[in-house]
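These notes concern the structure reproduced below.
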Amino acid sequence: MTHIASWRATKRLWPALAMIAASVAPLYPSVERSAYAADDPFESFPMIIHCKQKDTTHAFYLSRVTDAGVATYVASDRIAGTISLDGRAKAVGGEGGGNCVGKTLQDLRDSNQVYDLKPQ
């Protein structure tokens, strides 16, 4: 399977996996969930950052967070960027990134370029 075909298959499975996770979560006591919530590296980063480059607005989805606290965001067209809690957004693998490059998380929040997804 090629890398692109694998990526497309993974993208199709994500909504199903999210639905399964949401349906299983109520089965566990809230005490257990709250113990792990403090350790969740995704809690500190927004789920989506949107950036405008030329005439196109891209939605970058949170993909991973390293132990060092660097979050990687990916969008269509195989473009990506990174940001840390106290750093500035950087484009990965090219000159892209549009109006997000160089901004901190607070700058992105102040300009309404982020969407948070918080557990209820």
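Read-outs: derived from the displayed coordinates by stated rules, not from any lab. The structure displayed is predicted, hence computed values, not measured ones. Cβ: placed from backbone, ideal geometry, glycine included. Neighbour counts: every protein chain shown.
Tabulated data
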item: Region 56-87 residues near the modelled THR104 label - backbone nitrogen below 11 Å, point 7 Å along Cα→Cβ; result: 85-87
item: Sum of side-chain charges, THR82 neighbourhood, beta-carbon under 12 Å (Lys, Arg +1; Asp, Glu -1); result: +3
item: Point-to-point label distance, ARG88-ILE48, nm (Cα→Cβ direction, 7 Å offset); result: 2.7
